Amino acid sequence: MNSAAPIVEARGLAVDIDAHPVLWDINFSIAPGTFLGIIGPNGAGKTTLLRVLLGLIAPSRGTVSVLGRSPSQLGRGAHQIGYVPQRLDFDPRFPVSVQDVVMMGRACCLGLFRFPQRDDWRKVQDSIRQVGLAGYESRRIGDLSGGEQQRVFLARALCSQTRLLLLDEATTGLDLPAQHELYALLQRLRREMDLTVIAVSHDLLELGAHADELICINGTTHIHGNPRTVLDSHQLREAYRCEFDFLSDEARESAAQRP
Amino acid sequence: MIELLGYGFMQRALIAGILVGLLCGVLGFFVVLKRLSFIGVGISHSAFGGIAIGVICGVEPLLAAAVFSTLVAWTIGWLSKKGRLHEDTAIGILFSSAMALGVALISLSSTYQVDLFGYLFGNILAVSAGDLWLLGGIAAVVLGAVGLLFKELLFLAFDEEVARANGLPVTPLYFVLLSCLALAVVAAIRVVGIVLVEALLVIPAAAGYQLARGYRSMLCLSVATAVLSTIIGLFVSYFLNIAAGATIVLVLALLFVVALALGRARRTAIVRPVVVHERARAVP
């Protein structure tokens, strides 16, 4: 575990939506450079937690700190947080190219009333190359496969001096090879860019195989620890309210091989 | 045809048509991409309430309509953003209420001598020098705002949630867009009227959407279609002696059909070689 100050920290976090408690007593912190996987059953509040970290929802109680500040006070510092949402239900004929979409990620860095300069286009090119899409710059986003589109959204999330990357079920709808490629890409980018990654997913095995830590929530924190501990825990089964026969020895081994 | 341009009313009509085409072509780009066309209908119909208030209070009706429509647009945005009502419900309530207010106020006024038909269906040939100044002012403000905020508005149209997560002031941007839309609608009322203004907002951008592969070309095609249709419609209406607003809309519809056909033909041409290629590979 890194001894540096936590990059994300939640203490006694609670969120009520329309007077209905969605999250309560959420406690965790992660060190810079960590890959944290957030798991939990449907309706557990995983996306709500991510939206709190993004500053899109204000906590009802408790405190959250992201990059040392409250998410709502990040202001233009928000560009240091990259966000890849669930696969977008966007219009495939929306007339934007790959580089247009990635340039959107520079909008907050640039500020209002300013136009992209040569340096911004260079950063866009760098991000596109980093996600392995060099040569795709002028392709229309709707003409790409699901896996390629997710890489474009990843490039958009990375092109603004990003330190923290949040992914919300980014692999949903992708076939297994595309999922595996995306996780492998995340691992490489994480090393190269010194990123902290927080990913929400329903795929316990794949996430367990790639994350440094898993946190299982179902309204509240059930367990937070290394993937092997979490996947083996009775708290995981309590959170999902079922047994997991599919958590095979092979999957546990894969999780155990993580440093 | 050239001698027609010697008439002052025709010169003013032409300038008004070009300005409104430019405005609606640019705003229509966001209306189509952000799927705001029903808001356009709501704002244009609510402008009737503003015109009636202007008539009753002795204020320039288009100026009153600009203020009133902007307020209605903000109210629609506020109600839908606060989650109190679905956007289409808010529009349905506000535009019918504003229209009813307009009818009630006009019927209360015993002395009105306003060309209501002109406001409802447009009268581009009656554009005055004062109207042109108002149009020019609106065009400068709206095009300036859209030009300066273009990258943010494009992001908003493509992916509102990520734009918000990235720290963009999404709600103020949305209200700026609604305000620009309200002003563009009011500017277009003189040309095509309240009832037909939606056509100038939606059809040019929809035609550009059929043909363009990038947003820059869609924007150019949208503006070109809007400006061209107002110019063609103006001259056709003059020579055939039919209502200018309706003629402009009919020209727009024709251009849209052409764009639709060209777009389909191009997509077929792109897809066919791929299909043939796949079949050739399938044959052992």
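A short reminder: the numbers here are calculations on the coordinates, not readings from a lab. Keep in mind that what you see is a predicted model, and the values were worked out from it rather than measured. Cβ coordinates were reconstructed from backbone atoms using ideal geometry, including for glycine residues, and neighbour counts include every protein chain displayed.
Between residue A:83 and A:166, the built amide H atoms are under 5 Å apart, and every one of these is 5 or more places off in sequence or on another chain. Using a simple spin-label model with pseudo-atoms 7 Å out from Cα toward Cβ, residue A:17 and residue B:57 lie 4.1 nm apart. The simple spin-label model puts a point 7 Å past each Cα toward its Cβ; for residue B:107 and residue B:264 those points are separated by 4.5 nm. Principal-axis analysis of the Cα atoms of chain A puts helix A:118-130 at an angle of about 50° to the longest axis. The alpha-carbon atoms of region B:104-255 define a convex hull whose volume equals 137 cubic angstrom per residue. Is the shape of region B:172-246 rounded, prolate or oblate, going by the alpha carbon gyration tensor and its root eigenvalues a ≥ b ≥ c, with a/c under 1.5 for rounded and a/b larger than b/c for prolate? Since a/c reaches 1.5 but b/c is at least a/b, the shape of region B:172-246 is classed as oblate. Ranked from largest, the principal axis spans of the Cα set of region A:122-208 equal 36, 29, 17 Å. Here the protein assembly as shown is treated with +1 on each Lys and Arg Cβ and -1 on each Asp and Glu Cβ, and its dipole about the Cα centre works out to around 1080 debye. For the pair region A:94-123 / region B:72-98, the C-alpha centres are spaced 32 Å from each other.
Over all distinct Cα-Cα pairs of the protein assembly as shown, the Kirkwood formula returns a hydrodynamic radius of 26.1 Å.
Kirkwood Rh and Cα-based Rg: tell me the resulting Rg over Rh for region A:1-121, rounded to two decimals.
Values: Rg = 17.0 Å, Rh = 16.7 Å.
That ratio is 1.02, to two decimals.
Here the mean projected area of the convex hull built on the C-alpha positions of chain B is 18.8 nm². Over region B:47-151, the fraction of Cα-Cα pairs per 10 Å bin, rounded to whole percents and listed from the shortest bin up, is 14, 36, 34, 15, 1. Calculation over all alpha carbon pairs of region A:50-199 in 5 angstrom steps from 0 returns a P(r) of 2, 9, 18, 21, 21, 16, 8, 3, 1, 0 percent. Relative to the dominant Cα principal axis of chain A, helix A:176-193 is inclined by about 80°.
Note on chain B: GNM, Cα springs under 10 Å; of B:225, B:268, B:70, the largest mean-square fluctuation is that of B:268.
Which whole DSSP H helices in chain B pass both tests: a Cα extent of 27 Å or more along the axis and a mean Kyte-Doolittle value no lower than 0.5? Don't skip to the answer; put the middle values down first.
Details: long enough: B:8-33 (37 Å, 2.12); B:37-57 (30 Å, 1.67); B:61-81 (29 Å, 1.30); B:87-108 (31 Å, 1.54); B:129-148 (28 Å, 1.84); B:170-211 (28 Å, 2.04); B:215-240 (36 Å, 1.62); B:244-282 (56 Å, 1.20).
The qualifying helices are B:8-33, B:37-57, B:61-81, B:87-108, B:129-148, B:170-211, B:215-240, B:244-282.
Comparing mean-square fluctuations of A:199, A:155, A:239 from a GNM of chain A with C-alpha springs under 10 Å, the top value falls on A:239.
Considering only A:159, A:216, A:108, the mean-square fluctuation computed in a Gaussian network model of chain A, springs between alpha carbons under 10 angstrom, is largest for A:108.
Listed by chain and number, the lysines whose alpha-carbon sits under 27 Å from that of residue B:82, ignoring those within fewer than 8 places in the same chain, are A:46, B:34, B:151.
What FRET efficiency comes out for residue B:216 versus residue A:234 if R0 is 41 angstrom and r is the Cβ-Cβ distance? Round to the nearest 0.05. Efficiency, from the Cβ-Cβ distance: 0.10.
Overall shape: oblate for region B:1-106, with the ratio a/c of the largest to smallest alpha carbon gyration tensor axis at 1.5 or above and b/c at least equal to a/b.
So what are region B:2-62's ellipsoid semi-axes, whole angstrom, largest first, if each one is the square root of 5 times an eigenvalue of the alpha-carbon gyration tensor?
Details: eigenvalues 141, 100, 9 Å².
They are 27, 22, 7 Å, listed largest first.
Cα-based values for region A:43-105, radius of gyration first and Dmax second, are 14.6, 43 Å.
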